[in-house]
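Structure first, commentary second.
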Amino acid sequence: MVRLEQAIIMDREAQTSDTAVFRKNLPKAGSYSAIDIGIRITNGATSAQGIDLLDALKHISLVMNGNDYRIHLSGHEFFRYQWMKYGKPMFYTWTQSASGVQEVWFRMDFGRFLGDREFGLDLSRFNNVQVQIDYDCTLMGAAAVTTWTSGTFAISIIAHQFPVGSRPAFRGMVGTREFYSGTTLASGDLVQDLPSANPIVALGVMCIEDAIADAVDITDIKVGNNSFASLWIDGKWYNFQRMQNHELTVREEIFKLFADDAQTTDSHMNNIRSATAKCRAVTTAVA
Amino acid sequence: MTTAGAYTHPDVTTIAGNRFTIQGHTLTTAVSAATVAAAVMSDKEVDVTLIGDVGGMLRFPIADPEDFSGALLPADLRTAEIKLTQAAAGGTIGLIVEELYGY
């Protein structure tokens with residue numbers, strides 16, 4: 001197998017705007033197996049209580065020829081979907097410490113695995129390929145010493161590419177995109193058509209609400225055709241969740257709080273079996 | 001509840017590369033439940049570990065991950081739908097597809 005090259009397209013480039021749609025055109029030629037995207041932000045000088053960088057990432061996208069969104073996921077969707085796909089989360093330093101740096105990474109994979117010679121992104125097939133990051137840091141609150149520092153949202157982009165001399169002739173590429181977003185109602189069925197232009201190799205369903213147990217907002221999932229005369233998926237959320245989480249390699253989340261008494265924190269886990277908190281700096285008396 | 005028992009608390013004081021340093025602190029003062037309740041924690045760094053399920057996300061592999069056989073084809077998808085049974089308001093929904101694009 002050919003050794004992939006890691007081409008650094010951007011390296012921690014701080015953005016002057018705290019709210020923007022960042023756009024980066026990719027080269028006109030090249031054969032990519034995947035693109036890694038790293039996002040950083042610096043906490044306030046005092047703390048960053050209640051701050052989760054994923055909240056600021058409205059969408060991370062790969063756009064072909066201006067309007068063909070082949071990857072298009074929110075920060076929460078991307079983080080959780082990758083965890084379910086790979087069995088482990090991508091790198092995420094989640095910290096609320098004073099002046100700490102939060103950092104999260106996402107992988108846009110275009111094949112079945114890194115180095116796949118049959119499926120990947122052939123840049124020469126498109127007039128334009130652009131990475132877009134639609135972000136709004138104010139979704140984490142206004143910049144302040146107790147939240148985040150203005151002008152520190154920084155982006156890294158790294159391409160896993162085949163060397164020029166051994167570019168494969170890809171048959172196609174994999175794309176992963178959100179095709180519907182909304183909010184649950186108190187009752188009734190939500191029915192959506194599946195996209196039908198391309199073969200589908202996997203489906204994802206996200207439903208998140210802070211302080212609500214999973215399988216409460218959505219209880220059942222059905223996927224089929226001909227008005228569900230044929231059923232491909234049919235079952236309870238709670239059963240699917242147990243089966244799917246059984247396959248994961250990592251089922252824990254570790255992070256650092258800047259905590260007060262009775263502080264609540266909204267994590268990325270549910271059905272929590274164990275929660276432990278350990279002080280970094282021991283205070284044996286009243287603080 | 002009142003206790004006079006000693007309680008030793010390990011504290012990671014420094015982290016340098018792969019090395020971390022632990023300092024033990026033994027708490028020996030007799031305390032009562034009322035005393036404990038009055039001890040306010042404010043702006044303290046706390047390491048948290050949670051074990052559970054990935055929250056709010058299900059992924060349904062449809063095709064064989066090795067050769068993509070079994071993928072739902074456009075002919076199958078012409079009338080394909082997904083139905084979610086809702087039972088409570090306020091959940092943020094995202095429906096995601098992983099698709100194969102040919103060249």
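Since every read-out is calculated from the coordinates, none of them should be taken as a lab result. Remember, predicted model here, so these are calculated numbers, not experimental data. Neighbour counts run over all protein chains shown; Cβ positions are idealised from the backbone, glycine included.
Compute the FRET efficiency between A:Tyr69 and B:Thr13 as 1/(1 + (r/R0)^6), taking r as their Cβ-Cβ distance and R0 = 41 Å, and round to the nearest 0.05.
Details: r = 48 Å, r/R0 = 1.18.
Calculated value: 0.25.
Summed over qualifying helices (DSSP H, 4 residues or more, each -39500 (n - 2.57)) and divided by its residue number, chain A shows a 222 nm mean residue ellipticity of -2500 deg cm²/dmol.
Per-residue mean of other chain beta-carbon atoms within 10 angstrom of the beta-carbon, peptide A:72-80?
3
With viscosity 0.890 mPa s and temperature 25 °C, the Kirkwood radius over alpha carbon pairs of the range A:153-287 converts through Stokes-Einstein to a diffusion coefficient of 121 µm²/s. Spherically averaged projected area of the convex hull of Cα atoms, the range A:5-178: 9.5 nm².
Averaged across the residues of A:38-48, what count of C-beta atoms belonging to other chains lies within 10 Å of each residue's C-beta? Write out the running numbers ahead of the final one.
Numbers: counts 0, 0, 0, 0, 0, 0, 0, 0, 1, 2, 0.
Mean partner-chain Cβ count within 10 Å for A:38-48: 0.
Shown is the FRET efficiency for A:Asp11 and A:Met90, computed with R0 = 22 Å from the Cβ-Cβ distance and rounded to the nearest 0.05: 0.80.
Stretching A:Arg125 away from A:Gln192 to a fully extended chain increases their span by 21.0 nm, per 0.36 nm per residue minus the current alpha-carbon distance. Spin-label model, A:Met243 to B:Phe20: label points 7 Å out along the Cα-to-beta-carbon direction sit 3.7 nm apart. Computed over the alpha-carbon atoms, the protein assembly as shown gives an Rg to Rh ratio of 1.02, Rh here being the Kirkwood radius from the mean inverse distance. The charge dipole of the range A:5-178, taken about the Cα centre with unit charges on the Cβ atoms of Lys, Arg (+1) and Asp, Glu (-1), comes to about 500 debye, rounded to the nearest 20.
Can you give the extra length, in nm with one decimal, that the chain gains between A:Asp260 and A:Ser227 once fully stretched, where that is 0.36 nm per residue apart less the Cα-Cα distance? Before the final figure, lay out the partial values.
On the way: separation 33, 0.36 × 33 = 11.88 nm, distance 5.21 nm.
Separation in residues times 0.36 nm, less the Cα-Cα distance, equals 6.7 nm.
Of the residues A:Ala14, A:Thr276, A:His160, the one whose Cα sits farthest towards the positive end of the charge dipole of the protein assembly as shown is A:His160 (charges of +1 on Lys and Arg Cβ, -1 on Asp and Glu Cβ, taken about the Cα centre). With a simple spin-label model that places each label point 7 Å from the Cα along the Cα-to-Cβ direction, the separation between A:Val21 and A:Ser274 comes to 4.5 nm.
Provide A:Cys279, A:Cys137 in ascending order of the number of other Cβ atoms located within 10 Å of each residue's Cβ, fewest first.
Starting with the residue having the fewest Cβ neighbours, the order is A:Cys279, A:Cys137.
Between A:Ala169 and A:Val101, the simple label model (points 7 Å from Cα in the Cβ direction) yields a spacing of 4.5 nm.
Could you list A:Asp260, A:Asp36, B:Asp64 in order of exposure, starting from the residue whose Cβ has the fewest other Cβ atoms within 10 Å? Kindly include the intermediate steps, with their values, before the conclusion.
Numbers: A:Asp260 15, A:Asp36 18, B:Asp64 12.
Going from sparsest to densest Cβ surroundings: B:Asp64, A:Asp260, A:Asp36.
Would you mind ranking A:Arg177, A:Arg242, B:Arg19 so that the residue whose beta carbon has the fewest other beta carbons within 10 Å leads the list? Can you show the working numbers first?
Working: A:Arg177 20, A:Arg242 12, B:Arg19 7.
Fewest-to-most ranking of A:Arg177, A:Arg242, B:Arg19: B:Arg19, A:Arg242, A:Arg177.
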